[in-house]
Every structure is written in C-alpha cells, then in structure tokens.
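Down below is the structure, laid out as structure tokens.
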6 protein chains.
Amino acid sequence: MKVAYVGAAPKSTEEVERRRSLLQQWAAPGTTIEMAYAKEGPASIESMYEEYLAIPEYAKSMVRLEREGFDAAIVGCAGDPGIDAYRELCTNMLIVGPGMSSFHAASILGRKFTLLTVADNMIASSYELIQKSGLSSMIASVRAVNIPVLELSQNRAQTLENLVQIGREAIERDYADVLVLGCMSMAFLQVAEDMQKLLGIPVVNPAKAVLKLTESLSSCGWKQSKSAFSIPPKLSFGKASTIEELIVKQKN
Amino acid sequence: MKVAYVGAAPKSTEEVERRRSLLQQWAAPGTTIEMAYAKEGPASIESMYEEYLAIPEYAKSMVRLEREGFDAAIVGCAGDPGIDAYRELCTNMLIVGPGMSSFHAASILGRKFTLLTVADNMIASSYELIQKSGLSSMIASVRAVNIPVLELSQNRAQTLENLVQIGREAIERDYADVLVLGCMSMAFLQVAEDMQKLLGIPVVNPAKAVLKLTESLSSCGWKQSKSAFSIPPKLSFGKASTIEELIVKQKN
Amino acid sequence: MKVAYVGAAPKSTEEVERRRSLLQQWAAPGTTIEMAYAKEGPASIESMYEEYLAIPEYAKSMVRLEREGFDAAIVGCAGDPGIDAYRELCTNMLIVGPGMSSFHAASILGRKFTLLTVADNMIASSYELIQKSGLSSMIASVRAVNIPVLELSQNRAQTLENLVQIGREAIERDYADVLVLGCMSMAFLQVAEDMQKLLGIPVVNPAKAVLKLTESLSSCGWKQSKSAFSIPPKLSFGKASTIEELIVKQKN
Amino acid sequence: MKVAYVGAAPKSTEEVERRRSLLQQWAAPGTTIEMAYAKEGPASIESMYEEYLAIPEYAKSMVRLEREGFDAAIVGCAGDPGIDAYRELCTNMLIVGPGMSSFHAASILGRKFTLLTVADNMIASSYELIQKSGLSSMIASVRAVNIPVLELSQNRAQTLENLVQIGREAIERDYADVLVLGCMSMAFLQVAEDMQKLLGIPVVNPAKAVLKLTESLSSCGWKQSKSAFSIPPKLSFGKASTIEELIVKQKN
Amino acid sequence: MKVAYVGAAPKSTEEVERRRSLLQQWAAPGTTIEMAYAKEGPASIESMYEEYLAIPEYAKSMVRLEREGFDAAIVGCAGDPGIDAYRELCTNMLIVGPGMSSFHAASILGRKFTLLTVADNMIASSYELIQKSGLSSMIASVRAVNIPVLELSQNRAQTLENLVQIGREAIERDYADVLVLGCMSMAFLQVAEDMQKLLGIPVVNPAKAVLKLTESLSSCGWKQSKSAFSIPPKLSFGKASTIEELIVKQKN
Amino acid sequence: MKVAYVGAAPKSTEEVERRRSLLQQWAAPGTTIEMAYAKEGPASIESMYEEYLAIPEYAKSMVRLEREGFDAAIVGCAGDPGIDAYRELCTNMLIVGPGMSSFHAASILGRKFTLLTVADNMIASSYELIQKSGLSSMIASVRAVNIPVLELSQNRAQTLENLVQIGREAIERDYADVLVLGCMSMAFLQVAEDMQKLLGIPVVNPAKAVLKLTESLSSCGWKQSKSAFSIPPKLSFGKASTIEELIVKQKN
C-alpha cells in the first residue's frame, strides 16, 4: 500500500525525513510512506486563515498523487483543512485527516475526550471541527496549551510539562477519559506516549491515529463515498478538464 | 455607511454594474455600495473545492477594504466561504455572509425553512453550513434545482419554473413555511419576489437578506466579536506584519 | 415605513416619549415610530405569569394597529410574550420581538452568547425562549443581574456596574463572546453601549436589535409565514368575525 | 386527595357533570374530583391565541383553589397553556397538565409516539410543546385530524374513523409505536380505548394520563419545584399582596 | 391489581419482608404487592457487569410472573437492567423500571434534575440510561455519593448526611431543581423524605416513583407497545416454544 | 499481536474454522487470530433478550483471554452486547465491537450511513446502539432485510439480492452514502464486497471493520480508558477476588 503524507508548507529536508521515518516505523508491513510537502504555504497553521491558505496547494498535491497511483493520502494538519474538497477531486485514492481519525479513535476508547489544541484562538473552530465529525456528544472539553506551533519542539520538556498539566485539568474538571493532541507538531514530538504513562488514560497521537486508520480503511477497499463527495460539476460535465481550468482570469 | 460587496471571481463590467445598481437600489438612504471583484478566481462556485479556491483572493480584498475605511463587507457567495478567516483578519470592518443572513432571516419569519441550492452535490455541505449557524433545528430540507450556476440566468423563465416546482415540493412534502435561495446568481435574477407571490410564503433573497442585515448590525455599531474570531497569532505577536508574510516558500 | 412599538402596560407620558424619541433617533430615514402602550397591564414583566398577563391587551393592540395600516409592530418586552398569537392574528403587518432579534444578532456576531436577564427566577424560562428560536447551541450561559426591573433606571451607575461585573464573569467563566441584554428597561437605559466599550466585545441592546431587524425584514417585503402561523380556524372559517367573539360567557 | 379539574371556558352543566363523572370513575379510591370551569373564556382552544386567552382566568382559579385547600389541580387543556405561570403562583397545590402527562406516559410505553392534534394549524406549536417537555427525541410525528373541536363529539363514529385512519398512517409511515390524543374533547369522547383495540398499540387518553399521574405524584408528596418555578418577585418581596395588584391601570 | 417487585438477588427474608411492607403501605387500595427475588445473582449492583449478570434470572422471573397472571412487574434495580428484554418477552404484563420512572417524574416536577448515584464508576452509564429515556436535556448533573451499596443502610445517619451535602452541591453548582436517588437500597432507606425537608426541593424516591407510575399506567389499561418491543422471532415463529429453548449447547 | 474473536454460542467446527480462516486472511502480517466460542448460548442473536443472554459467557471468556495474554478481543456480535461490562473487567486487553467499529468507519467514509439489520424487531434497538456511539447525527436510516439469521447463508444469492434491493432504497429514499451490514452472519457471507460493486458506494463489512480497527488501536498501544470503564468496586476493593464470587446464592 502506497500512502502519501501531504504537508502544507515547506519544511527542512531533515524534519521531513524525520517525520517520514517515524511514520514508516509506525506503518504496517507492506505500507510505503512518501512525503509530499508543498513548496509554498503557511509556516504553521494556527488560525482559520492559515488553514484556508494551505488548501489550494494541498488540492494540487492530492490530484497529482492520485494520478501517480497512491492508494491513500493523509492531510498533514490536525484541522483537516479542505478535506471535503480533496475528497471531491479524488475517486481512487482514499483521503483521511488526522483530526477526524483522532476524534473517532478517542470515541471508541472512552466516553468523553478532551482535545488539546495549540492556542486559545483555535478553541471555537475546534468545536466546529468535532461537530463536523458528528461527535459533539463525546466532547468533554477543548483546552489550549498556548505555546506557538513553531516553538513546541524547541523545548520538549516544557511542552510535555504544559500538556500534562492541562491534561490533568481536563481529567479533573471536565471528566475527560481520553485526551487527543490537536497538532501535528505535537504528534511528531512523541509526547502522547509519555503523557499516557504519566496520566493513566489513553492519549491519542493524531499522526498514529490517522496512519493506522488510513491503513485499516484502505486495506478493506474502502474510499470516500462519491455520493457524499461528488466530483465538481464542471469537471464531471467536461466544462473543465483540469482543476487549473476552474480558475478564470479577468480579461482586460 | 460604506459597504463593499466582494465577489469571488471576475465578471463582466456590465454584470458587476447591474448587481451594484440592484444593491444600491435596495440599500437604505446613506448607504454606499461598492463592488470588489477579484481579478482571478473560480468562474462560479458549485463545489466545496471552488469555495476554498476563492478564499485567498477574498482575504486579500477584505484586508484592503478594511484599510480603505469600509464599514462593512459582504462575502459575495451564498456558501459564506472562508468568512471566519476574514473575521479573524479584520477588526474594524463588519463582515457578513449571505448564507448565515438568510438562515437567520428565515428562522425569524417561520418555523421551518427549505434551502434551495444549485445542485445535488452541494446538499450535504449545505446542511453543514446551516449547522455552523446553529440553526439545524429550523431546517425543513435542502433541495437542489440542478441547473448549473452559469446557466441560471440564460433562461430566467425556466429557472423560475423549476424553482417554483421544487419550492412547492418543499412546502407539501417537507412542510417548509419559508424558502431560502442558496445562490447569488439566483439572488440577482430577482426570482424570489415572483416565487413569493406564486407560492404564498416568504422567499428569502440572500442578496437582500445580507445587505439589510449588514446595514442593521453596522448601524448599531456591532462588529464580529474578536473574542470569537481572534487575529492570527503570528500577526498579533508581530511575527508577521502583513498577511503576505504568513506564506513561506521553499529555499533551494 | 410605519412601525409601532407596543408596550405591555401604562407608563408615564414622559417615559413613553423618551423611548419613542430614542427609537426614532435610531430608526432609518423613512421610518416613523409610534408608541402603543396598553391602558392596563403588569407594571413590569419579571415572571412568566406577568408575561401571560400582558398578552390579551397586546393582541388587541396588534389587531388594531394592523387595521390602521402599520407595516410592522414590535413586541415591547424582551421575553417576546405571545408573539406566536399575534402572528396568527395578523397577516399584513410584520411582527417581531426583541428577544428573538437579539439572539439572532448575537449568533451572527460571535459563536457563544450570554443573556443577562433581570432576576434568577427568569433564568429557566430564558433558556426555553432561546430554544424556541432554535439557537440553544449558541448559548454560553444565562445570568441574572438581580435588580428589580422598576429599580434599574433609578441608579444607572449601579446598574451599569453590576452588568459589567456579571458580563465579565460570563466572558471569563462561560467563554461568552457576545452579551445580550434581556430587558427593555435595560435597553432604554443605553448601558449596552458603555458595556461594549468597557468589555471589548459586542453587547446587544434589544431595542436596537429589534428595530433594525424589523426595518430590514420589512423593507424586503417579508412578513411572518402564514403557513407557520395560521389564522385561528374560527376566524378563518367565519365562525367568529372579530377576536372579541372568540370569548364566550357563561349563561345564567 | 382533593383534585380540581380546571376548565378554560364555560360549558353546559350537563357536559361538565359528564366529565366530572368520568374523572371520578377513573380516580383512585380516596380521590375527590371537583370541576372548576371559568365563567368566561374561549369556546374551545384551537390556536395559540386562544391558549393565551384562557390563561388569566385559569390563573385566578388556580390561586383560589390552592387557598381552598386542594391538593392538586389539572389544567383542562391538552396544550397545558400557562402551566409555568400557575406553578409560579402556587406552592402547596401540585399543578399538572395533560400534554406533559401524555408525552411522558407515551415515552415510557414505547420508543416513538405520534401526537394526534386537532388541526393543521396546531402542528408546529405541538412540536414546541413536546420540546418543552424535553421529549423531542421520542417524537415519531404530529398529525392532525382536522375536525373542529366543537364538532368532534357531534359524530363520534366519524371522529373515531378519522382518528383510526390517521393513527394507522402514523404507524405505517412514521413508525409510531404509541399514539397520544392531543385534545380534551377527544379525551372525554373515550375514543382512545376503541382505537387501542383496533390498532393494537397503546393509545394515550390525556384525561386519564393526567389524572393518574397527578394522583401518583401527589400521593408521594411531590409538588412542582419552587426552585424551577419561583413566586413572582413582586409577590415574594411584598410589593403586591395579591395577583390582582400586579395589574396597573393608566391614570388620567 | 397484582404487582410484582422483582429482585435481582437473594436477600434475607426480613429485608424482603420489610421492603414488601413499605411498598404495600405506599400502594393504592386494591393493589397487592408480591416480592419475587431470584435465588442467585449479584449481591448488589454497582457496575455494568453486575447489571448484566442479573438479567437472565430477571427474565425467567418475568416470564413466570406473567404466566401467573400478574398485571404488572417492577424491575427492582434503579438501572432498569434488561428491561427492553422483559418487555420483548411479556405481552400481558406491564413492566416498568425505577430509573425511567424517576427521570420522568423529576422532569414533570422541575426543569433540571440531578441523579445521585452510588459511586463514581456508575456516572457515565447513568448518563446513558437517562439518554435512553429521551431526557438528556433535563439533566443538571449526575453525582455520586461513593458509599458501597451494601453499606448504605449500616449507617443511615451518615448516608443521609452525605446525600444532603451532595444534593446541596447539585443545587448550588449545577442548578438542579429536583433530585433523584439512583439506588433501590437508598430508596428503601427512606432518606428521600428527610432530604426533601432539609433541601426544600422535590427528592424522588425511585421505589415510590416506580410503584405509583406502574399503578397509574396499569389502571389505564396500558402495557409496553409490542410494536416497540416485539416478541423474539424464534418464539413468535415457533422455532422455540420457551425461553429456555433459545439456549443451545455444544455437542461433543 | 494476538487477537481473539469471541463467539456467543456454539457453532460447528467447520463454520468456526471457516470464519477464523477469513479473519486470518484479512489480518495484517504479525496478527494471529484465535476463535473463542462459548459452549452454550443463544443459537443466534436477533432480539435484545438474546443479546443479554450471551453476556455472562462472553464475560467469562474475556476474563480468561486477558489472563492468557491476548492483546485484544473482538465481541463476535454486531450489537456489541455487554461490551461496557467486559471493558470494566479487563485492563490489559483491548476490547472492541463490530457495531461501534462499523459506525465509526462509515462516518469517516461519508456523511450519512444506513444500517441494514436483520429484522424489523431490531430497528429500534439499533438506533439506540448508534446513539451510544455518539453518531446519531450521521444516521440516514436503519432498514431490515427480514431474513432470519440462521437462514441468511442458506441462500446466499437471495440474501444478496435482498440486501442490494434494500440498499438501493436506502440510497434513493434516505440519501445514504455509505451502507453498514448489521450482522456477523452477513459479514462472513462476504456479500458486502459484491454489494459495493453493484451499488457504487462503500459497504462496510463489520467483521473487517472491527478486525482492522482493533489492529489499528492496539498497534498504537491504546486500550479502553479505565477512567471510563472502571473495575467493578467489589473487585477493586478486594471484596471479591474473581468474577464468580460476584454471584451469591440463597441460603436455605
């Protein structure tokens, strides 16, 4: 099975390779991971504006990867930005996001989960994201760690300490019985595993959740339902033959 | 009050002027309407992919219009694409969308409304849009007229006939007591007014709904709550000084 | 546009004139406000019993005002008492309430609002009122200021101080990003405007919200759907020709 | 146990006695039923306007009955008009309505119930009434028999036939497994019992449901929670000593 | 009316007689209570596992009691374990549970209730039980007293003190206006009555609630809808003639 | 990874081996499947009563399998009977059910799914099962194929034809965009794969869904949260040392 991990914006070759290597190590035998990072995009995603900014490049990558024969592609951002659009565009390649994967995994493991997001400004949109998955009734709370995405990995010990403290508040005050990390930079920092030991409840690493769920669904031969995510009419009716043609420019 | 109507993609000068003239005619005394259409974008919006495609140009227009001193701006698409992003970016300019405006107007006028959207492929995402407004419990149904956006105005009589027929089904089978048109091309075709006479229940024209609601809220001095829609952290913390700087490019 | 503001109970000529003058000043050019206060009714409305007490006189006023050619009428109480009844009785005059108007305005401006009601005994019924608008999912909380309605205006400074303090609690503990005042006496005290400056989030004055929303909907030619609010059968089938005939008396 | 059945409007002595006699016959040993019909009010209740019209006289009766030492009182209308107000006013007399009683009984007997209301114009408000009971998730449907209240008893055979036919539609199309009659005139016609035999599923007679539930709750020593239904502040703070004093009149 | 109270597990003859005597004393004239305790089962029920353990014996008792001509049977555990199964098996005997009865009674008496369950480990499943009754929207909270079931009656004064304290927290922090005891051992300890006096709001004793509700529904001739709770197909199609035949054993 | 598939009742050695072989063939490299069928239990599960009947033997198997060192166990019935109990009893062995697995898989693949259950009598409890997963908002419908479980495999062609026809109805009338098979006998008949080809939308085979999801979650080191599913108090406090001791017998 060929799985692509699609990144929103350029990262250093080392960091991309480090992430690939982790994913490959977590993957089942027979799964090959390839990384597809856009050449331009938001440095990190910590606002709805940056989520939307990432979508056009994501879409181009998805269409290309499907043409190249990938079985499945992972949206490399915990907010699953634009995933309904890529599911419209692709028919033969399964597309899954880490947000939805983590919420479903958490809902199977317990009764109420808390999502730990990056900063306060993302709390409201996180509730909307969970609602889109249909899982609003499983939310204990959404809480923010309030460390900028680009600084999360600079001091892993501090990040872990903050996450453990906020996780503990979620358990004690909101009665969470599962925690979900809401950021891929947290995911690749591998703090979920330490948190789980320290807190005694499952802590969902979204990178693992999305990878394993993608493998699961794909190995069963399932892809997104085209009845739910139809090909854009201009493409299906032949008024445009590529996604580039969907853009028109003003004539002078 | 200076209100901008922001369009997703280039339209002919005549069509833009025709729309401006209608909006100006519907506006209250003291309101000035200006049109701000992007120079490139999707020819029409009839898929989630096309919604997302329109957002980056919309965002640039919004930031510019706020700087130019507009009191309010209208997102010129009935799906309100990206509105939470523009509300993050703008503080002094109220931003309202025709989708949300129509759903709220319909909910005040009756108990259950039916949204008439363009085509079947937009039905599922229309339910999600209404859910985002918090008004799921007021939905009678979402039904599609299944005429491509760019053909709606080519045969106004046919479009009206189809809309009346589907509206009648919504009334009889889904017990709708208000109808909402879910497309700005329908809105500027001014069929809502004819439908209302023929069907005997309120039919919400989203162009009128959003214009009048924008005037209402703005005249009371209200703007989107910055507590709900915070400025993106990189901008508020000074790590970027313009929205353009939020994009990074791969170094070679 | 002729708009009537219908009051539940007698007030001093001065107070009625003061309120009319404020409404007229907030109104759009072309709107004429007339005040219609009942000659008897509850001195103020701070229980469900008093809400119901006001309805019979309200209904008579509404029927008269429609006959006199008013375009729209506003229910002058933030609990919108009996509004579905007046909407049944009137066909050509739009009827709107300040409660529903404020909840819809708040839902457009943010994601979660707190309603500040008069006293603890109205908290439970306030939740029911918001639920009737379909907007339960947008509630952050309902909190009470616990100053009797008739004393609110006697010490404006104290009222403002209390409202600001309770508003702050709503922001900090309930994560409200919009506040709504739940009483017309608060509305005409014009404290919302001061609160908004002090608290930094939108504060909805229900008098302004209902006036502007009424103007908006009415200027679009929309009235309450008669499919949702049918004329009472005895009137539509001619068994009674006036609302007075709907009352029968015991024969001796 | 002394239980009052409170009627909204004058009825003939014979009809009142017929109803009392049925209630007394259904009552448990030790229960005494007294009838308290208002001297003026709506001839029948088949609109929200008529519901509200009945409330002021109902309230006066309730206050008098509590003073006379009744243990419990039944609101004699299936829409439970104004029940929250009487619960505010009365502390020592339990007040129950046939609407809420029937919905709760039906929810215990099955999983989805259909309410059979009088006419189409009451369908929307019936949904709201069920929602107020918290039981929206148990609704299969609300359907109307469309016979005017005052004609229901004139042709019992026809009424029964219509009810059976609509009940059958509810079972087949809406998957109802319990039916509820939504009108006290239907209740005292004793058609529920025949319907139950013909249709094979429980059919809730609201007169029986409210009587037996009232006896149940009252025999356990439970009354409406004053924490949910507080005494109106003007009465509890001594600003008014009777409910009559809550009404003020305009001075000339 | 013959009503059976069906217990999950053996209890001392004295305790069974004490409970029978209380139920008989609470019963209406004409009701005869008989106790049917299983000969083996869980000593007490304080986990989901113990709930399920009790079901097979409960089912056998129910089938026998129906054959013996009982009008109604009460599931003697506040979690209503397996009630949908007994309702499938029995047609002529009404079966009611104390959990559902208490939730419905509480919902009629107020607007928000708190369930006081035995221990923290039952909180999550208590929410699911209330949800099954359709009454999730009436929940203020579920709180645990954290005294093992078998020790509740050893120190009645301590149990009462704990319950009053937790009840007070529910009132102050969760705005409960009715309390429900969630355990039959609490019920037969008769602490609800003392709590009600001390706390000033209704406190529902589940043993009384289920007894009175059972009498109410049964006296109206209502039983569980067989459309909601069908006879298991193997029994209705004659593939098994007794419930024992539904069990097959491995052949060697 | 050692995974046990736990069956509710004795099956022929051939059928058990056939099922094991299919599961092993679907499993990832490194997964070993063992079958654990109870020696006595319901011949098939097609009522709530039969679901409950299976639980005590299931529980014993689960406790034994955990002691034997299995990493994970699958409840071999699409209704997930008693799964919360086994999750209480087991700490180191992950326990997953095919019902919940299928609902979550379907919710990821589309927006609305239809569950195809065995017979009409299971429709109502199927809705409750989906509600327990938190996924009520993703339901298009529950429809029944109405072929007894034990006859499903006797005429595979007929079963497939019926399923395709009912699936088509779900697509056309209920707008399902994913189908879920609600029975393990259907699952091991491998009709989902044929249906998917014929109907063009994803059809979830619950045996595959639960196997792959179990492998996914287990490979990430996640087990059910003990905070959500606590060990029964008598076991955790040492009042019983085995689950057998939780049962008491009447002394003579």
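Restricted to the range B:5-62, and to residues that are within 11 Å of chain A (Cβ to nearest Cβ) and among the aromatic types (Phe, Trp, Tyr), which residue is nearest to A:Met48 (Cα to Cα)?
B:Tyr52
Of everything in the range C:119-144, what is within 14 Å of the chain's Cα centre (by Cα) and among the aliphatic types (A, V, I, L, M)? Give them in sequence order.
Matches in the range C:119-144: C:Leu129, C:Ile130.
Please find, among D:Ala106, D:Ala72, the residue that is touching a Leu at 6+ places or on another chain (Cβ under 6 Å), away from chain C (no Cβ under 14 Å) and at pLDDT 95 or above. Before you say what the answer is, go through the steps one by one.
Numbers: D:Ala106 fails: touching a Leu at 6+ places or on another chain (Cβ under 6 Å).
That would be D:Ala72, the only listed residue that is touching a Leu at 6+ places or on another chain (Cβ under 6 Å), away from chain C (no Cβ under 14 Å) and at pLDDT 95 or above.
Determine if the range A:75-88 includes at least one residue that is outside the structural domain of A:Pro148 (by TED's automatic domain parsing), over 28 Å from A:Leu150 (Cα atoms) and not aliphatic (A, V, I, L, M). Working first, answer last.
Restricting attention to the range A:75-88, the residues satisfying the condition of being outside the structural domain of A:Pro148 (by TED's automatic domain parsing) are A:75-88.
From the residues that got through so far, the ones that are over 28 Å from A:Leu150 (Cα atoms) too are A:87-88.
Imposing the further condition that a residue be not aliphatic (A, V, I, L, M) reduces the set to A:87-88.
Yes; the residues of the range A:75-88 include at least one that is outside the structural domain of A:Pro148 (by TED's automatic domain parsing), over 28 Å from A:Leu150 (Cα atoms) and not aliphatic (A, V, I, L, M).
For a quick check of your reading of the model, give me the residue pairs whose first member lies in the range B:115-127 and is under 9 Å from A:Pro233 (Cβ atoms), whose second is crowded, with 24+ Cβ neighbours inside 10 Å and hydrophobic (A, V, I, L, M, F, W, C), with beta-carbon atoms closer than 6 Å and at least 6 apart or on different chains.
Final answer for the pair search is B:Val118/B:Cys183.
How many of the residues in the range D:130-162 are more than 21 Å from F:Ser137 (Cα to Cα) and away from chain E (no Cβ under 14 Å)?
Result for the range D:130-162: 21.
Quick one: count up the residues across the range A:233-244 that are of a type outside the set (A, V, I, L, M, F, W, C) and under 18 Å from B:Pro56 (Cβ atoms).
Filtering the range A:233-244 down to residues of a type outside the set (A, V, I, L, M, F, W, C) leaves A:233-234, A:236, A:238-239, A:241-242, A:244.
After this cut, where a residue has to be under 18 Å from B:Pro56 (Cβ atoms) as well, the list is A:244.
The qualifying residues number 1.
Looking at the range D:152-163, is at least one residue outside the structural domain of D:Ala9 (by TED's automatic domain parsing), within 30 Å of C:Leu89 (Cβ to Cβ) and surrounded by 22 or more Cβ atoms within 10 Å (Cβ to Cβ)?
Looking through the range D:152-163, at least one residue is outside the structural domain of D:Ala9 (by TED's automatic domain parsing), within 30 Å of C:Leu89 (Cβ to Cβ) and surrounded by 22 or more Cβ atoms within 10 Å (Cβ to Cβ).
Would you point out which residue out of C:Val118, C:Val149 is touching a strand residue (DSSP E or B) at 6+ places or on another chain (Cβ under 9 Å) and at pLDDT below 95? Walk me through it before giving the result.
Values: C:Val149 fails: touching a strand residue (DSSP E or B) at 6+ places or on another chain (Cβ under 9 Å).
Going through C:Val118, C:Val149 in turn, the sole match is C:Val118.
Looking only at the range E:13-29, filter to residues that are in contact with a helix residue (DSSP H, G or I) (Cβ under 9 Å, 6 or more places away or on another chain) and not acidic (Asp, Glu); which one of those is farthest from F:Pro56 (Cα to Cα)? Can you show your working first?
So the first thing to find is which residues in the range E:13-29 are in contact with a helix residue (DSSP H, G or I) (Cβ under 9 Å, 6 or more places away or on another chain), and the list is E:15, E:18-19, E:22-23, E:26-28.
Imposing the further condition that a residue be not acidic (Asp, Glu) reduces the set to E:18-19, E:22-23, E:26-28.
Working: E:Arg18: 31, E:Arg19: 29, E:Leu22: 33, E:Leu23: 31, E:Trp26: 35, E:Ala27: 35, E:Ala28: 38 Å.
Top of the filtered list is E:Ala28.
Can you tell me which residues in the range D:178-225 are among the acidic types (Asp, Glu) and either within 24 Å of E:Lys212 (Cβ to Cβ) or touching a Phe, Trp or Tyr at 6+ places or on another chain (Cβ under 6 Å) (or both)?
Let us first name the residues in the range D:178-225 that are among the acidic types (Asp, Glu), namely D:193-194, D:215.
Residues satisfying the conditions are D:Glu193, D:Glu215.
If I filter the range E:237-250 down to residues being farther than 20 Å from F:Met122 by Cα and facing chain F (nearest Cβ under 7 Å), which single residue comes out as surrounded by the most Cβ atoms within 10 Å (Cβ to Cβ)?
E:Val248
Evaluate the range E:193-208: report whether one residue or more is at pLDDT 95 or above, buried (at least 24 other Cβ atoms within 10 Å of the Cβ) and farther than 19 Å from E:Ala140 by Cα.
So far as the range E:193-208 goes, yes, one or more of its residues are at pLDDT 95 or above, buried (at least 24 other Cβ atoms within 10 Å of the Cβ) and farther than 19 Å from E:Ala140 by Cα.
Being outside the structural domain of B:Glu51 (by TED's automatic domain parsing), among the β-branched types (Val, Ile, Thr) and free of Cβ contacts under 8 Å to residues at least 12 places away in the same chain is the requirement here; does B:Ile108 meet it?
Details: outside the structural domain of B:Glu51 (by TED's automatic domain parsing): yes; among the β-branched types (Val, Ile, Thr): yes; free of Cβ contacts under 8 Å to residues at least 12 places away in the same chain: yes.
So B:Ile108 passes the test.
Which of (1) touching a Lys or Arg at 6+ places or on another chain (Cβ under 9 Å); (2) more than 14 Å from chain D (Cβ to nearest Cβ) does C:Asp194 not meet, given it meets every other one?
Going through the list (1) touching a Lys or Arg at 6+ places or on another chain (Cβ under 9 Å); (2) more than 14 Å from chain D (Cβ to nearest Cβ), C:Asp194 breaks only (1).
Out of D:Ser225, D:Ser230, which single residue is assigned by TED's automatic domain parsing to the domain that holds D:Ala73 and free of Cβ contacts under 8 Å to residues at least 40 places away in the same chain? Full working, then the answer.
Working: D:Ser230 fails: free of Cβ contacts under 8 Å to residues at least 40 places away in the same chain.
The match here is D:Ser225.
Which one is surrounded by the fewest Cβ atoms within 10 Å (Cβ to Cβ), of the residues in the range A:224-236 that are of a type outside the set (Ser, Thr, Tyr), facing another protein chain (nearest Cβ under 7 Å) and under 21 Å from the mean Cα position of the chain (by Cα)?
Result: A:Ala228.
Is it the case that the range D:48-68 has a residue that's more than 23 Å from D:Glu17 (Cβ to Cβ) and polar (S, T, N, Q)? Give the steps one after another, and end with the answer.
Just the residues of the range D:48-68 that are more than 23 Å from D:Glu17 (Cβ to Cβ), to begin with: D:48-53, D:55-56, D:59, D:63, D:66-67.
If we keep only those that are polar (S, T, N, Q) as well, we get none.
The answer is no, given that none of the residues of the range D:48-68 is more than 23 Å from D:Glu17 (Cβ to Cβ) and polar (S, T, N, Q).
Would you check if there is a residue in the range C:176-189 being of a type outside the set (D, E, K, R) and surrounded by fewer than 18 Cβ atoms within 10 Å (Cβ to Cβ)? Give the derivation first.
Step one: filter the range C:176-189 for residues of a type outside the set (D, E, K, R), giving C:176, C:178-189.
With the extra rule that they be surrounded by fewer than 18 Cβ atoms within 10 Å (Cβ to Cβ), the set shrinks to none.
No, the range C:176-189 contains no residue that is of a type outside the set (D, E, K, R) and surrounded by fewer than 18 Cβ atoms within 10 Å (Cβ to Cβ).
Kindly indicate which of C:Glu151, C:Glu172 is among the charged types (D, E, K, R), over 24 Å from B:Ser227 (Cα atoms) and out of contact with any helix residue (DSSP H, G or I) (no Cβ under 8 Å at 6 or more places or on another chain). If you could, list the steps in order and put the result at the bottom.
Values: C:Glu172 fails: over 24 Å from B:Ser227 (Cα atoms).
On inspection, the qualifying residue turns out to be C:Glu151.
Just give me the residues in the range B:81-98 being under 13 Å from the mean Cα position of the chain (by Cα) and either modelled with pLDDT under 95 or away from every other protein chain (no Cβ under 11 Å) (or both), in sequence order.
B:Pro98, the sole residue that qualifies.
How many of the residues making up the range D:198-214 are over 12 Å from D:Ala105 (Cβ atoms) and within 7 Å of chain E (Cβ to nearest Cβ)?
1
Can you tell me which of (1) part of a helix (DSSP H, G or I); (2) more than 22 Å from C:Phe103 (Cα to Cα) is the one B:Tyr127 doesn't meet?
All conditions pass for B:Tyr127, except number (2).
Given the conditions (1) under 20 Å from E:Ile33 (Cα atoms); (2) touching a residue at least 60 places away in the same chain (Cβ under 8 Å); (3) more than 14 Å from chain F (Cβ to nearest Cβ); (4) out of contact with any Phe, Trp or Tyr (no Cβ under 9 Å at 6 or more places or on another chain), report the number of the one that E:Arg67 does not fulfil.
Result: E:Arg67 fails condition (2) only.
Taking the range D:72-91, which residues are over 21 Å from D:Val142 (Cα atoms) and not aliphatic (A, V, I, L, M)?
Within the range D:72-91, the subset over 21 Å from D:Val142 (Cα atoms) is D:72-75, D:82-91.
Within the range D:72-91, D:Gly82, D:Asp84, D:Tyr86, D:Arg87, D:Glu88, D:Cys90, D:Thr91 qualify.
The values are calculated or read from the model by the stated rules, or taken from the named source; none is laboratory data. Just so you know, these numbers come straight off a predicted model, no measurement behind them. Reconstructed Cβ throughout: ideal geometry from the backbone, glycine too, with neighbour counts over all protein chains shown.
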